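Following: one structure in structure tokens, then a few remarks.
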Amino acid sequence: MLKKVERLTVSDIEALSQGKSVFGTLFSMRYTPASKSKFAVAVSKKVVPLAVDRNRIRRRAYSALERVKGNLSFPVYAMLMPKKEFIKAPFTDISKEVEIVFKKAGLLS
């Protein structure tokens with residue numbers, strides 16, 4: 001799990017409205033350049049109705065982000081929004097997808 005200072009606040013998330021979007025098979029990502037990297041994972045009730053499952057998805061996504069956050073080419077605010085396919089995906093696929101989407105956005109060095 002990311003430290004609290006590494007997670008986006010509500011006002012930070014509002015700044016993402018002017019950001020760019022990148023889409024993958026398991027999730028979409030919204031990002032914008034910032035002075036310090038911060039991340040969030042937003043799981044909709046439409047995607048997963050049970051809170052237990054939403055929390056599991058959130059924990060798995062944050063774990064995958066832990067592996068990528070140190071290799072960013074510049075600091076960003078980024079929010080991941082998982083799709084239904086994320087639920088049944090093994091963690092190795094999730095980690096690869098996070099890396100692919102960050103490369104697609106030009107954020108990984």
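The values are calculated or read from the model by the stated rules, or taken from the named source; none is laboratory data. Note that the structure is a prediction, hence the values are computed from the model and not measured. Reconstructed Cβ throughout: ideal geometry from the backbone, glycine too, with neighbour counts over all protein chains shown. What goes into the accessible areas is simple: the full protein's heavy atoms, side chains included, and nothing from ligands, DNA or RNA. Shrake-Rupley method; radii C 1.70, N 1.55, O 1.52, S 1.80 Å.
Structure notes:
- Net charge over other residues, Cβ less than 13 angstrom from the Cβ of residue 94 (K, R count +1; D, E count -1): +3
- Helix axis angle, 91-104 relative to the chain longest principal axis, alpha carbon, degrees: 30 degrees
- Close amide H pairs (under 5 Å, H built 1.01 Å from N) link residue 38 with 76, 77, 78, residues at least 5 positions away or on another chain.
- Carbon and sulfur %, accessible surface of region 16-109 computed with the full protein complex present, 1.4 Å: 55 percent
- Each residue of region 51-56 is assigned a 3J(HN,Hα), and the resulting list reads 4, 4, 6, 4, 5, 4 Hz, derived from the Karplus form 6.51 cos²θ - 1.76 cosθ + 1.60 (θ = phi - 60°), x at Gly and Pro.
- Per-residue Karplus couplings for region 39-50, computed as 6.51 cos²θ - 1.76 cosθ + 1.60 with θ equal to phi - 60°, are listed in order as 9, 8, 10, 10, 10, 6, 5, 5, 6, 9, x, 8 Hz, Gly and Pro entered as x.
- Longest to shortest principal axis, alpha-carbon extents of the chain, angstrom: 35, 28, 24
- Stokes-Einstein D for region 53-102, Kirkwood Rh over Cα pairs, 20 °C, 1.002 mPa s (µm²/s): 188 µm²/s
- Note that region 1-54 presents 62 Å² accessible area per residue, ligands and nucleic acids not counted, probe 1.4 Å.
- With all pairs of separate Cα atoms included, region 1-55 yields a Kirkwood hydrodynamic radius of 12.8 Å.
- Other-chain or far-sequence residues with amide H under 5 Å of residue 28's (modelled H): 81, 83
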